[in-house]
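Asks: For reference, the structure I am asking about is given below.
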Amino acid sequence: MFDNYLYFSSYSSSMVTAMAELARQTAARRDLRKGDLVVEVASNDGYLLRHYEEMGMRTLRVEPAANVAAVAIDEGIDTRVAYFTADYARELRSEGLAPKVIHANNVIAHVPAIHDFVEGLRVLLADDGVVVLETPSLVDLLDQLLFDTIYHEHVFYWSLGALAELFGRHGLVLEECEHVARHGGSLRATWRHRRGPGDEGSGSSPLLAESALRLTSPASYASFAADTARSGEALRTAFTSIRAAGRSLAGYGAAAKATVLLNYAGIGSDVLDFVVDLNPAKQGRVVPGVGVPIVSLEVLKERRPDVLAVFTWNIAAEVRAQLQWYATGGGELLDPLSLRSRR
């Protein structure tokens, strides 16, 4: 699936800005010096580590999707096209590489061989280094009814407690964790090597509690399922009502979450005229399962539908700023997240 990938991180300006701030914060917290090595696994098109390079650090990216990695490679950025495994980590170690920081953003949900992946992090990490991991939060998924983030790329949906158990089995312990708003709510957790027997890191982190009783209760997931079914019906009703009123309707953002939402709610090209996406790799294709065409921004400017549903709610503020011309011209921006229904 990831040999050839159509998601390019740097198409989101808010994401690039956020990663610049993450690099500055991490460099300061870890007291990084010029020449220190920072590695990112699943580095996409390489945007994060550019900020470390500007501060004088050495960097290395590991990315399995050759087409995405090519963007970075063409810019002269050191990127290895490979899947990150324990064996590959040993290869890098044999080259004398021992990073002070390893970034792993939004990758751990995607990896089936999860123990091999985390063991690779342990093997590669310098003795005094840290792994900075970011992944969507299971608690937020349930609390905000983010059912459209459940799709085939995601093998796992993580709570901090589950992550602590996983990393602990590989001799890595939690140093700190913060909750960030990205992707509907994410965990940004920092891990280090266990320093000896009895060292369990920040086991007292408030986020480790995470309503643990609720997360292990089948009733929580049964309620989530019922609310999801109700939301699918509500979305279908809202979208078809727009068309029934004689108004044209299109979408913005051909993300995976849009594919899930449209298929689950049964919304196809009879309801939705097209979906706009800034990524040229997606333009000219269709949304899988429902056949809605994916088009460029120019098509939106030409056709100007009455209503535009913003499927990329995770960067809604950025999108609204991009589409101010559409809204001031009389177009209505619709947030599908606001149509979700709970009992």
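Asks: Which of the residues that make up the stretch 115-125 are open to solvent by less than 30 Å² (accessible area, probe 1.4 Å) and out of contact with any helix residue (DSSP H, G or I) (no Cβ under 7 Å at 6 or more places or on another chain)?
Replies: Initial filter on the stretch 115-125 (open to solvent by less than 30 Å² (accessible area, probe 1.4 Å)): 117-118, 120-121, 123-125.
Across the stretch 115-125, the qualifying residues are 117, 121, 125.
Asks: Could you go through the stretch 229-247 and let me know if any residue there is under 23 Å from the mean Cα position of the chain (by Cα), of a type outside the set (Asp, Glu) and within 22 Å of residue 304 (Cα to Cα).
Replies: no
Asks: Being in contact with a Gly (Cβ under 8 Å, 6 or more places away or on another chain), at pLDDT below 95 and either open to solvent by 30 Å² or more (accessible area, probe 1.4 Å) or over 19 Å from residue 109 (Cα atoms) (or both) narrows it down to one of 193, 179, 154, 183, so name that one.
Replies: Result of the check over 193, 179, 154, 183: 179.
Asks: Polar (S, T, N, Q) and under 18 Å from residue 314 (Cα atoms): is that true of residue 259 in this structure?
Replies: Against the criterion (polar (S, T, N, Q) and under 18 Å from residue 314 (Cα atoms)), residue 259 qualifies.
Asks: Which residue out of 251, 268 is farther than 26 Å from residue 66 by Cα, assigned to a strand (DSSP E or B) and at pLDDT 95 or above?
Replies: Just a single option satisfies the conditions, and that option is 251.
Asks: Right, another one. When you scan the stretch 276-294, do you find a residue that is among the polar types (S, T, N, Q), over 23 Å from the mean Cα position of the chain (by Cα) and either farther than 23 Å from residue 147 by Cα or open to solvent by less than 40 Å² (accessible area, probe 1.4 Å) (or both), even just one?
Replies: no
Asks: Name the one entry in 73, 77 that is more than 30 Å from residue 261 (Cα to Cα), open to solvent by 70 Å² or more (accessible area, probe 1.4 Å) and at pLDDT below 95.
Replies: 73
Asks: So, one more: Output the number of residues of the stretch 32-85 satisfying the condition of being assigned to a strand (DSSP E or B), under 19 Å from the mean Cα position of the chain (by Cα) and touching a residue at least 24 places away in the same chain (Cβ under 8 Å).
Replies: The number of residues fulfilling the criteria is 4.
Asks: Those residues that are aliphatic (A, V, I, L, M), open to solvent by less than 30 Å² (accessible area, probe 1.4 Å) and either within 10 Å of residue 228 (Cβ to Cβ) or assigned to a loop (DSSP other than H, G, I, E, B) (or both), I need them from the stretch 140-151; list them, please.
Replies: To start, the set of residues in the stretch 140-151 that are aliphatic (A, V, I, L, M) comprises 141-142, 145-146, 150.
Narrowing the set further to residues that are open to solvent by less than 30 Å² (accessible area, probe 1.4 Å) leaves 141-142, 145-146.
The answer is 145, 146.
Asks: Among the residues in the stretch 126-135, are any surrounded by fewer than 18 Cβ atoms within 10 Å (Cβ to Cβ), among the charged types (D, E, K, R) and in a loop (DSSP other than H, G, I, E, B)?
Replies: Yes, some residue in the stretch 126-135 is surrounded by fewer than 18 Cβ atoms within 10 Å (Cβ to Cβ), among the charged types (D, E, K, R) and in a loop (DSSP other than H, G, I, E, B).
Every residue, every condition in (1) basic (Lys, Arg); (2) surrounded by fewer than 17 Cβ atoms within 10 Å (Cβ to Cβ); (3) assigned to a helix (DSSP H, G or I), yes or no:
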site: 298; (1), (2), (3): no, yes, yes
site: 302; (1), (2), (3): no, yes, yes
site: 305; (1), (2), (3): no, no, no
site: 308; (1), (2), (3): no, no, no
site: 314; (1), (2), (3): no, no, yes
site: 319; (1), (2), (3): no, no, yes
site: 325; (1), (2), (3): no, yes, yes
site: 330; (1), (2), (3): no, yes, no
site: 343; (1), (2), (3): yes, yes, no
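The values are calculated or read from the model by the stated rules, or taken from the named source; none is laboratory data. Treat the numbers as computed from the prediction; the structure is a model and nothing was measured. No Cβ is skipped: glycine too gets one built from the backbone with ideal geometry, and neighbour counts run over all protein chains shown. For accessibility, only protein heavy atoms count, side chains too; no ligands or nucleic acids. Shrake-Rupley method; radii C 1.70, N 1.55, O 1.52, S 1.80 Å.
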